[in-house]
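Report on the following structure.
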Amino acid sequence: MASANSLLNPISIIEKKKAGETHTREEIHWLVQGAASGAVRTYQVSAWLMAACIQGLNMRETLWLTEAFVDSGLVLTYPQRPEGVVVVDKHSTGGVGDKVSLLLMPLLAAVPGVYVAKLAGHGLGMTGGTIDKVEAIPGFRTRFLAHEFVDQLSKFGLVLGQTCHDLAPVEKMFYDIRDVTATVDSIPLIASSVMSKKIATGSDVIILDVKCGRGAFMRSTEEGRLLAELCQQLAAHFGKRMVTVLSKMDSPIGKAVGLALEVEEVYQVLHNRGKDAPTDLLELTLKLGSLLLKESGLAATEVEGYHKLLEALESGKGYETFRRWLVAQGVDADEVGSDGWLPQSDRVLMVPAAATGYVGDIDALKLMEVMHLVGSARNTMDDSLEYGAGVMLHKQVGDAVTIGETIAELHCDAKSQIAATQFLKEAFTIIDAPVAYDPHALILEILPPVKPLASGAS
Ligand code: URA
């Protein structure tokens, strides 16, 4: 790409960030446009990302990066929506077994007056992305041009797509490179990635769940709060209404960890109308949804929002909406929920408890290692995923166990089974006395709103 400013070239931009200097708005926009046109090569984007990851980006640089990602595509609007309908969006920064978005989307869409529009990404680092999960469903389409995405929402009131073509395309490019270059865990890079997708989607109200703990990018609550506040600043700058929550991610959410296994778990929760659903999964889903309904003005209180979602679940409307959604996005109606509708692994191994006692801990980080070993997460941009692989937990934190009893199932192929079984065993800590574990208490904080910072020109 020809530059008006002869000093703008990929090498000088990389050098500048490597030296810990601050970019101008023009430099950041130039870099992003250059990545889009090919003038800035993938390896140069990788080098810049590593420099940015190590040296950081300040608030303004983060804002310009977000703006440049958004400008690389279109910002959606929904003029066709019926009077009074609110378009909402839910995002999680990613955690182990975190399938809350998949469960919450149809429940929200089953509530009168709600449309749900979400742009998401593939898995990052070792957490499975929502897009990878739905791509485990044969036929599920996630690539939409902007006008198709809007059309889909107008027809069905619920749409999930990935950043591509004319929807924040450069965010997708940076995201895919970060995933395989150890440049994921940077607060400004995560904030610009998340918020550019939320802004491009053009929803009215967003709920953002920032995961904190050993199974998340943000290991501590303090780091999580920094990320959350940065996202809030960006939301405020772009005039977005957003509820921001910090939640715990030390142990997996629900029982399934793995792409198709998580889809099946969501399907079962909806199909069984919430009966026997894992408490942590259900409570977090309902709580986040009720906050969103309240912020959207569709519920006067959180309690009312909670009851609307519970009604959607227990009446079976959430299940019907889920089925219609899958079909609307390309899945064969006869296949949804049928035997073998989702990919399965070659083998299923039962992992026994090593001692009698109580499950004191299930280490989400160890489970992330298992996911890598069994092929649920990528090592290179071209890696294909083992959609059927993963873990089904038979026991959760606080449960009593007897030596030899099955604590988990490992779904894998022959080549990964030995190492993955070892990591899976190590994920469980069995102790003598019961632990206090409250599956209702995953939410750590609900952040107060912030005022936007001025962006400035340089
Ligand atoms: N989720 C995103 O969308 N982007 C990130 O960088 C991390 C989590």
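Only one residue in 376, 416 is touching a strand residue (DSSP E or B) at 6+ places or on another chain (Cβ under 6 Å) and open to solvent by less than 60 Å² (accessible area, probe 1.4 Å), so which one is that? Even if it seems obvious, please write down each step before you answer.
Details: 416 fails: touching a strand residue (DSSP E or B) at 6+ places or on another chain (Cβ under 6 Å).
Exactly one residue qualifies, and that residue is 376.
Restricting to region 96-118, and then to whatever is outside any loop (DSSP other than H, G, I, E, B) and under 10 Å from the mean Cα position of the chain (by Cα), can you tell me which residue is farthest from the ligand (Cβ to nearest atom)? Full working, then the answer.
Quick first cut of region 96-118, residues outside any loop (DSSP other than H, G, I, E, B) only: 100-109, 114-118.
Remaining after also requiring under 10 Å from the mean Cα position of the chain (by Cα): 100-102.
Values: 100: 13, 101: 11, 102: 15 Å.
Here the answer is 102.
With 132, 151 as the choices, which residue is over 24 Å from residue 307 (Cβ atoms) and open to solvent by 30 Å² or more (accessible area, probe 1.4 Å)? Working first, answer last.
Numbers: 132 fails: open to solvent by 30 Å² or more (accessible area, probe 1.4 Å).
When all the criteria are applied, what remains is 151.
If you take the residues of region 155-182 that are within 12 Å of the ligand (Cβ to nearest atom) and among the β-branched types (Val, Ile, Thr), which of them is surrounded by the fewest Cβ atoms within 10 Å (Cβ to Cβ)?
Among those that are within 12 Å of the ligand (Cβ to nearest atom) and among the β-branched types (Val, Ile, Thr), it is 177.
Quick one: how many residues across region 336-348 are within 22 Å of residue 106 (Cα to Cα) and either among the hydrophobic types (A, V, I, L, M, F, W, C) or part of a strand (DSSP E or B) (or both)?
So the answer is 3.
Could you say which residue among 333, 354 is touching a helix residue (DSSP H, G or I) at 6+ places or on another chain (Cβ under 9 Å), without any contact (Cβ under 8 Å) to a residue 60 or more places away in the chain, assigned to a loop (DSSP other than H, G, I, E, B) and open to solvent by 20 Å² or more (accessible area, probe 1.4 Å)? If you could, list the steps in order and put the result at the bottom.
Numbers: 354 fails: without any contact (Cβ under 8 Å) to a residue 60 or more places away in the chain.
The unique qualifying residue is 333.
Among the listed residues 87, 96, which satisfies the condition of being open to solvent by less than 10 Å² (accessible area, probe 1.4 Å), touching a Phe, Trp or Tyr at 6+ places or on another chain (Cβ under 6 Å) and under 27 Å from residue 227 (Cα atoms)? Break it down stepwise before answering.
Details: 96 fails: touching a Phe, Trp or Tyr at 6+ places or on another chain (Cβ under 6 Å).
Going through 87, 96 in turn, the sole match is 87.
Restricting attention to helices (runs of 4 or more DSSP H) lying wholly within region 1-95, give those where 2 or more residues are in contact (Cβ under 8 Å) with a residue 60 or more places away in the chain. It would help to see each step written out before you state the result.
Working: elements: 10-18, 25-37, 42-55, 59-71.
Answer list for region 1-95: 25-37, 42-55, 59-71.
Based on this model, can you work out whether residue 135 counts as among the acidic types (Asp, Glu), over 24 Å from residue 391 (Cβ atoms) and touching a residue at least 40 places away in the same chain (Cβ under 8 Å)?
Numbers: among the acidic types (Asp, Glu): yes; over 24 Å from residue 391 (Cβ atoms): no; touching a residue at least 40 places away in the same chain (Cβ under 8 Å): yes.
So residue 135 does not fit the description; no.
Please work out which one of (1) under 26 Å from residue 450 (Cβ atoms); (2) open to solvent by 70 Å² or more (accessible area, probe 1.4 Å); (3) of a type outside the set (Val, Ile, Thr) is the condition residue 68 fails and give its number.
Among (1) under 26 Å from residue 450 (Cβ atoms); (2) open to solvent by 70 Å² or more (accessible area, probe 1.4 Å); (3) of a type outside the set (Val, Ile, Thr), the lone unmet condition for residue 68 is (2).
Can you tell me how many residues within region 183-226 are among the aliphatic types (A, V, I, L, M) and more than 13 Å from the ligand (Cβ to nearest atom)? It would help to see each step written out before you state the result.
Just the residues of region 183-226 that are among the aliphatic types (A, V, I, L, M), to begin with: 184, 187, 189-191, 194-195, 199-200, 205-208, 210, 216, 218, 226.
Still in the running and more than 13 Å from the ligand (Cβ to nearest atom): 205, 207, 226.
Here the count works out to 3.
Taking region 2-55 only, how many residues are among the aromatic types (Phe, Trp, Tyr), over 17 Å from residue 181 (Cβ atoms) and open to solvent by 40 Å² or more (accessible area, probe 1.4 Å)?
Our first condition is that a residue be among the aromatic types (Phe, Trp, Tyr); within region 2-55, this holds for 30, 43, 48.
Among the residues that remain, those that are also over 17 Å from residue 181 (Cβ atoms) are: 30.
Remaining after also requiring open to solvent by 40 Å² or more (accessible area, probe 1.4 Å): none.
Matching residues across region 2-55 total 0.
Filter region 227-242 down to the residues that are over 25 Å from residue 99 (Cβ atoms) and part of a loop (DSSP other than H, G, I, E, B), then identify the one that is nearest to the ligand (Cβ to nearest atom).
238
So, residue 425, is that one loosely packed, with under 13 Cβ neighbours inside 10 Å and of a type in the set (Lys, Arg) or not?
When the stated conditions are applied, residue 425 does not pass them.
Among the residues of region 143-154, is any of a type outside the set (Val, Ile, Thr), touching a strand residue (DSSP E or B) at 6+ places or on another chain (Cβ under 6 Å), more than 13 Å from the ligand (Cβ to nearest atom) and under 22 Å from residue 65 (Cα atoms)? If you could, list the steps in order and put the result at the bottom.
Kept after step one, since they are of a type outside the set (Val, Ile, Thr), are these residues of region 143-154: 143-149, 151-154.
Narrowing further to those that are touching a strand residue (DSSP E or B) at 6+ places or on another chain (Cβ under 6 Å): 143-144, 146, 149, 152-153.
From the residues that got through so far, the ones that are more than 13 Å from the ligand (Cβ to nearest atom) too are 143-144, 146, 149, 152-153.
Then keep just the ones that are under 22 Å from residue 65 (Cα atoms); that gives 146.
Yes, because at least one residue in region 143-154 is of a type outside the set (Val, Ile, Thr), touching a strand residue (DSSP E or B) at 6+ places or on another chain (Cβ under 6 Å), more than 13 Å from the ligand (Cβ to nearest atom) and under 22 Å from residue 65 (Cα atoms).
The values are calculated or read from the model by the stated rules, or taken from the named source; none is laboratory data. Nothing here was measured: the structure is a model prediction, and the numbers come from that model. Note: ideal-geometry Cβ built from the backbone for every residue, glycine included; neighbour counts use all protein chains shown. Remember, those area values only see protein heavy atoms, side chains included, never the ligands or the DNA or RNA. Shrake-Rupley method; radii C 1.70, N 1.55, O 1.52, S 1.80 Å.
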